[in-house]
1. Decide, for the range 1-84, between rounded, prolate and oblate: order the square roots of the alpha carbon gyration tensor eigenvalues as a ≥ b ≥ c, take rounded if a/c falls under 1.5, and otherwise choose prolate if a/b is larger than b/c, else oblate.
2. State which entries of LYS40/LYS81; LYS40/LYS63; LYS33/LYS63; LYS29/LYS81; LYS40/LYS82; LYS63/LYS94 exceed 25 angstrom in Cα-Cα distance in the structure shown.
3. List the chymotrypsin sites (Phe, Trp or Tyr not before Pro) within the range 8-61 that fall in a DSSP loop (any state other than H, G, I, E or B) and whose Cβ has at most 11 other Cβ atoms within 10 Å.
4. May I ask you to list the trypsin sites (Lys or Arg not before Pro) in the range 1-98 that are in a DSSP loop and have at most 14 other Cβ atoms within 10 Å of their Cβ?
5. Dipole size in debye (nearest 20) for the range 1-68 around its Cα centre, Lys and Arg Cβ +1, Asp and Glu Cβ -1?
6. Carbon-plus-sulfur fraction of the accessible area of the range 1-76, 1.4 Å probe, in percent?
7. Suppose all protein chains stay in the model; what accessible area per residue would a 1.4 Å probe give for the range 1-101, in Å²?
Amino acid sequence: VNKISLVEGPSCVWRLDDFLIPACAVLGKTFSKEQADLLKMLGVSSILLINDQDDAGMEFRQKFINTWYSTFKIYVTTLPKKDVTEMSDEEIAKYETCDFICWINAVGQNNISNSNIWISSNSTRTNS
């Protein structure tokens, strides 16, 4: 596995698993060097960051990007709800066919190697 979605809690992992989207949870508001080392040891080089859409989640997103942009290729998406557990099957299916699958395919084809960070809402690229 060279790509994975990173979410805040286990319920988001379970929700994404319903759609066969690989994910792991940070289990809080911080991502440690030990967690990064584990992902690197597993061969992860690209992360789809799916933070909660609240103040704490946005703070986590900025800190994660600032800390880990040189270690991982980071892709960030903006959700229409607080987190994926609040999204309907239809909303996730829309993201699955748009953001999630486009990201997985792009990483698989190395189409995002020009930049370490993508910011997305409906697959719009922004270089950082």
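The values are calculated or read from the model by the stated rules, or taken from the named source; none is laboratory data. Predicted model only: the values in this text are computed from it and were never measured. Note that we place each Cβ from the backbone using ideal geometry, even for glycine, and neighbour counts take in every protein chain shown. Heads up: the accessible areas ignore ligands, DNA and RNA and are worked out on the full protein's heavy atoms, side chains in. Shrake-Rupley method; radii C 1.70, N 1.55, O 1.52, S 1.80 Å.
1. Working: a/c = 1.64, a/b = 1.15, b/c = 1.43.
Here the range 1-84 falls in the oblate category.
2. Values: LYS40/LYS81 30 Å; LYS40/LYS63 19 Å; LYS33/LYS63 13 Å; LYS29/LYS81 18 Å; LYS40/LYS82 28 Å; LYS63/LYS94 28 Å.
Cα-Cα > 25 Å for LYS40/LYS81; LYS40/LYS82; LYS63/LYS94; rest within.
3. Working: sites: TRP14, PHE19, PHE31, PHE60; in loops: PHE19, PHE31.
Within the range 8-61, no chymotrypsin sites (Phe, Trp or Tyr not before Pro) qualify (loop, at most 11 other Cβ atoms within 10 Å).
4. Working: sites: LYS3, ARG15, LYS29, LYS33, LYS40, ARG61, LYS63, LYS73, LYS81, LYS82, LYS94; in loops: LYS29, LYS81, LYS82.
Answer by residue number: LYS29, LYS81, LYS82.
5. Values: 7 positive and 9 negative charges, 56 e Å.
My answer is approximately 260 debye.
6. Percent of accessible area from carbon and sulfur atoms in the range 1-76: 57.
7. Values: 5030 Å² over 101 residues.
Dividing the accessible area of the range 1-101 by its residue count gives 50 Å².
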